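Just below is one structure, and these are the notes that go with it.
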Amino acid sequence: MSTSGQRNLITDVAGLRVGNANDHKINSGVTAILCDPGATAAVQVLGGAPGTRETDLLEPHNTVQSVNGLVLSGGSAFGLDAASGAQAYLREQDIGFEVGPHRIPILPAAILFDLINGGDKDWGRYPPYRELGYQAAANASEDFAIGSQGAGLGALTATVKGGLGSASFVTPDGHVVGALVAVNPMGSAIIGDTRHFWAAPFEIGGEFGGLGMPSPMPDDSSDLRIKFRDMQRGGANTTIAVIATDAALTKAEAKRLAIAAHAGFARAIWPSHTPFDGDLVFALATGASGRKPSLDAFVDLGAAAASTMSRAIARGVQAAQPDPRDLMPAWSTLKD
């Protein structure tokens with residue numbers, strides 16, 4: 001039987017905390033994931049329009065073996081400032097990579113495009129993302145809100161509002177897998193004009209409505225729903241995510257986990273990984289279980305990464321809350 005973790009959040013993976021910070025005026029926000037202690041990390045980018053910071057150091061052949069956290073932010077390139085704020089918070093806690101007398105907090109980051117979402121982006125000389133990053137890190141805890149929160153606050157899909165989603169899963173071998181995702185794709189997470197989610201086959205316990213797949217499938221189910229199709233849309237999207245486990249993994253194995261998690265995008269969003277999405281998955285392996293998976297268990301881990309990511313995507317969309325400025329309806333307002 002498929003089983004989620006106690007919270008059904010990425011923080012079911014021991015050693016992780018998550019914090020959100022929101023700016024409702026600009027309709028954007030930041031989500032910080034902190035690793036206590038550091039975690040082995042990797043990244044895989046499959047979208048054609050990514051925006052990132054410090055992702056090169058995550059490659060298996062590079063020196064730094066662990067990170068102190070990750071930052072997901074709205075704001076397009078402006079949002080990369082959020083990592084500096086989260087870094088400042090960790091520096092105040094004397095947390096970071098030790099180099100002589102210095103400690104340098106390592107927080108790779110990724111951004112999504114939410115500039116066209118009804119918020120007031122006239123923020124003056126400097127955007128607010130650095131302070132939002134600091135606040136998100138300061139807010140980090142094992143319990144956090146999903147939906148219209150943090151990096152998912154101003155997110156949109158092709159058909160409904162996006163949002164911040166999370167889910168967890170316990171594998172047959174007893175390892176915990178968790179996903180966190182800010183859902184802002186060019187494509188759609190729901191099937192045609194229905195309320196049914198593409199991720200429905202992986203749902204556990206009615207966690208995103210319990211609607212299952214439509215029967216029969218609607219005639220328009222394979223039609224592409226494309227966000228902002230009638231305007232110049234380059235980079236105006238992106239789904240950014242974290243997949244995590246308590247298994248002990250190398251950086252190369254963590255990268256393989258990130259690759260597997262991208263299958264969750266493809267099962268939950270149609271289309272995904274387009275030239276106008278910066279689709280990215282970070283992977284974190286905390287090693288809190290003290291166990292390294294066998295080869296067979298690692299196959300299960302990869303499958304769980306994909307299914308858990310799909311569930312997190314649907315949960316983020318399902319939990320989004322309506323706002324008077326919305327350019328897209330919230331899923332909760334759709335009619336059957």
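The values are calculated or read from the model by the stated rules, or taken from the named source; none is laboratory data. Keep in mind it's a predicted model, so treat the numbers as computed, not measured. Note that each Cβ is placed from the backbone with ideal geometry, even for glycine, and that neighbours are counted across all protein chains shown. Side chains are part of the model used for accessible areas, which takes the heavy atoms of the whole protein and leaves out ligands, DNA and RNA. Shrake-Rupley method; radii C 1.70, N 1.55, O 1.52, S 1.80 Å.
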*Across segment 286-310, what is the total count of residues that are more than 21 Å from residue 186 (Cβ to Cβ), open to solvent by less than 70 Å² (accessible area, probe 1.4 Å) and either part of a helix (DSSP H, G or I) or among the β-branched types (Val, Ile, Thr) (or both)?*
11
*Could you list, in sequence order, the residues of segment 25-48 that are of a type in the set (D, E, K, R) and not in a strand (DSSP E or B)?*
25
*Go through segment 1-54 and give me each residue that's more than 19 Å from residue 313 (Cα to Cα) and polar (S, T, N, Q).*
22, 27, 40, 52
*Selected residue (criterion: surrounded by the fewest Cβ atoms within 10 Å (Cβ to Cβ)) from residues of segment 172-200 that are aliphatic (A, V, I, L, M) and in a loop (DSSP other than H, G, I, E, B)*: 191
*Filtered residues of segment 89-132 (kept if within 17 Å of residue 16 (Cα to Cα) and under 17 Å from the mean Cα position of the chain (by Cα))*: 107, 108, 109
*Scan (1) open to solvent by less than 30 Å² (accessible area, probe 1.4 Å); (2) within 24 Å of residue 186 (Cβ to Cβ); (3) within 15 Å of the chain's Cα centre (by Cα) for the single condition residue 27 breaks and write down its number.*
(3)
*Confirm whether residue 82 is in contact with a Phe, Trp or Tyr (Cβ under 6 Å, 6 or more places away or on another chain) and more than 24 Å from residue 278 (Cβ to Cβ).*
no
*Within segment 165-218, which residues are more than 18 Å from residue 272 (Cα to Cα) and of a type in the set (Ser, Thr, Tyr)?*
166, 168, 171, 194, 215
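To keep it simple, each residue is scored yes or no on (1) touching a residue at least 40 places away in the same chain (Cβ under 8 Å); (2) closer than 16 Å to residue 157 by Cα.
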{"residue": "177", "(1), (2)": "yes, no"}
{"residue": "181", "(1), (2)": "yes, yes"}
{"residue": "187", "(1), (2)": "yes, yes"}
{"residue": "199", "(1), (2)": "yes, yes"}
{"residue": "208", "(1), (2)": "yes, no"}
{"residue": "213", "(1), (2)": "no, no"}
{"residue": "220", "(1), (2)": "no, no"}
{"residue": "237", "(1), (2)": "yes, yes"}
{"residue": "252", "(1), (2)": "yes, no"}
*asked:* For residue 239, only one of the following conditions fails: (1) more than 30 Å from residue 65 (Cα to Cα); (2) touching a Pro at 6+ places or on another chain (Cβ under 6 Å). What is its number?
replied: (1)
*asked:* residue 7 - would you say it is assigned to a strand (DSSP E or B), surrounded by fewer than 23 Cβ atoms within 10 Å (Cβ to Cβ) and in contact with an Asp or Glu (Cβ under 9 Å, 6 or more places away or on another chain)?
replied: no
*Quick check: anything in segment 163-174 out of contact with any strand residue (DSSP E or B) (no Cβ under 6 Å at 6 or more places or on another chain), hydroxyl-bearing (Ser, Thr, Tyr) and in contact (Cβ under 8 Å) with a residue 12 or more places away in the chain?*
yes
*Output yes when any residue across segment 249-262 is part of a loop (DSSP other than H, G, I, E, B) and either at pLDDT below 95 or of a type in the set (A, V, I, L, M, F, W, C) (or both), and no when none is.*
yes
